[in-house]
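Participant: The structure under discussion is supplied below as structure tokens; questions concerning it will follow.
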Amino acid sequence: MGPDLDMDTSQRIVTQTPLTELWDNNGLVNARRIEPIGKAEIVRLLRDGSVFVVADVGLPLWWIAADDCFAFWKDEVKRSLAEPNEDRLDLSDYPASYCYAASMWSCASLGAVIVLEKHH
């Protein structure tokens, strides 16, 4: 087996964005990127029970617990969300000079998942 197959996924970090796959502590997640999304779509997905996954280069994927998603949206993501398909991100436009690009992924076990790729 190659090194990627032997790696403990709980130790796996994000090496680049956009992501091409999702994983959790149990291994790869059967999921695929569907489309970039904005605020209205995120609110709708949260109401339907979707969860956030934060991808920040150099760190492991951060799956936000379902019970924490609305608070995370309100306190962290909403003010720092880039509009979908924005050609160029100007980080100085955002508080603390970072932002999230959101996309909806279809996940076999969880349904729709909101992936937030952090740019800083």
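The values are calculated or read from the model by the stated rules, or taken from the named source; none is laboratory data. None of the values given here were measured: they were computed from a predicted structure. Positions of Cβ are generated from backbone atoms using ideal geometry, with glycine treated the same way; all protein chains shown enter the neighbour counts.
Participant: I'd like to verify a number: residues in the range 39-92 that are closer than 20 Å to S106 by Cα, among the β-branched types (V, I, T) and surrounded by fewer than 18 Cβ atoms within 10 Å (Cβ to Cβ), how many?
Facilitator: 1
Participant: So, one more: When only residues in the range 93-104 that are out of contact with any helix residue (DSSP H, G or I) (no Cβ under 9 Å at 6 or more places or on another chain) and closer than 17 Å to W73 by Cα count, which is surrounded by the most Cβ atoms within 10 Å (Cβ to Cβ)?
Facilitator: Once the filter is applied, the top-ranked residue is A101.
Participant: Can you pull out every residue in the range 33-69 that is more than 25 Å from T15 (Cβ to Cβ), in contact (Cβ under 8 Å) with a residue 40 or more places away in the chain and basic (K, R)?
Facilitator: Across the range 33-69, the qualifying residue is only K39.
Participant: Continuing with this model, one more query. With respect to A112, is the statement that it is small (G, A, S), crowded, with 18+ Cβ neighbours inside 10 Å and in contact with a Lys or Arg (Cβ under 7 Å, 6 or more places away or on another chain) true?
Facilitator: no
Participant: Given (1) modelled with pLDDT of 95 or more; (2) of a type in the set (S, T, Y); (3) under 21 Å from I34 (Cβ atoms), where does Y98 come up short, assuming only one miss?
Facilitator: With (1) modelled with pLDDT of 95 or more; (2) of a type in the set (S, T, Y); (3) under 21 Å from I34 (Cβ atoms) applied to Y98, the lone miss is (3).
Participant: Within the range 8-28, which residues are under 15 Å from A102 (Cα atoms), in contact with a Leu (Cβ under 7 Å, 6 or more places away or on another chain) and either surrounded by fewer than 16 Cβ atoms within 10 Å (Cβ to Cβ) or modelled with pLDDT under 95 (or both)?
Facilitator: Within the range 8-28, E21 is the sole residue that qualifies.
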